[in-house]
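Down below is the structure, laid out as structure tokens.
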Amino acid sequence: YRYDLRTRGFVQDSLISDIKVKSLFLDSRDRVWVGTAGRGLWIYEKDPVYHYDRTNLLNNNWIKAIEEDPFGNFWVATSGGGINHLTPTDSSATQFTVDVYSRGTGMKEDRITDLVIDDFNRVWFSTLGSGIGVILQDGAILSFGAEEGLSAQSVRSLSLDSYNWLWV
């Protein structure tokens, strides 16, 4: 649903009305990104709607979190496919190249539950069973679990405060 200011009521969107939404994100162009459970990613602009899934861009259709970095790239966390790093290839930012961070590239797990980008442009992510990790600007991946002091390996949510402290 979206709230229509003109009619002062909620309007049901027919494209995704029967789909479970797992994440929402407002990008720097005022587009709404909708991550779904099993149906990929939808980007709502004023008129056009763009849909991306395993058939045309992503490596997984189960979207858990979406973030935009200061360079205009997008990071899409999936439940089972790791993280998709989308780099726009056109000025409208509707076509992308994708780099995937997953078990095949050094992550301990592909079931990502959340992600945040800190002031140093590091991408922090939480997992369902392997603690948390961070993707550094050079692409290196570090992992932190029970051995590093986390009380649990399953982490559902991350947040950064105004001091750039990561809350787990």
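The values are calculated or read from the model by the stated rules, or taken from the named source; none is laboratory data. Since the model is a prediction, treat every value here as computed from it, not as a measurement. Cβ coordinates were reconstructed from backbone atoms using ideal geometry, including for glycine residues, and neighbour counts include every protein chain displayed. Note: areas computed on protein heavy atoms with side chains; ligands, DNA, RNA excluded. Shrake-Rupley method; radii C 1.70, N 1.55, O 1.52, S 1.80 Å.
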Legend entry - the range 95-136, residues that are more than 14 Å from Ala77 (Cα to Cα), surrounded by 19 or more Cβ atoms within 10 Å (Cβ to Cβ) and out of contact with any Leu (no Cβ under 8 Å at 6 or more places or on another chain): Ser130
Legend entry - Selection status of Asn164, more than 27 Å from Asn61 (Cα to Cα) and part of a loop (DSSP other than H, G, I, E, B): yes
Legend entry - Positions within the range 35-56 being open to solvent by 30 Å² or more (accessible area, probe 1.4 Å), within 16 Å of Val98 (Cβ to Cβ) and of a type outside the set (Val, Ile, Thr), in sequence order: Tyr50, His51, Arg54, Asn56
Inset, instruction - Give Gly72, Gly139 a once-over and let me know the one that is part of a loop (DSSP other than H, G, I, E, B) and within 19 Å of Leu58 (Cβ to Cβ). - result: Gly72
Inset, instruction - Identify the residue in the range 142-156 that is among the hydrophobic types (A, V, I, L, M, F, W, C) and in a loop (DSSP other than H, G, I, E, B) and, among all such residues, is least open to solvent (accessible area, probe 1.4 Å). - result: Val155
Legend entry - Output for the range 81-94, where each listed residue is open to solvent by 10 Å² or more (accessible area, probe 1.4 Å) and either modelled with pLDDT of 95 or more or in contact with a helix residue (DSSP H, G or I) (Cβ under 6 Å, 6 or more places away or on another chain) (or both): His85, Thr87, Pro88, Thr89
Inset, instruction - Given the conditions (1) part of a strand (DSSP E or B); (2) touching a Gly at 6+ places or on another chain (Cβ under 6 Å), report the number of the one that Ser126 does not fulfil. - result: (2)
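Looking at Gly104, Gly131, Gly145, Gly149 in this structure, which one is at pLDDT below 95 and at positive phi?
Values: Gly104 fails: at positive phi; Gly131 fails: at pLDDT below 95; Gly145 fails: at positive phi.
On inspection, the qualifying residue turns out to be Gly149.
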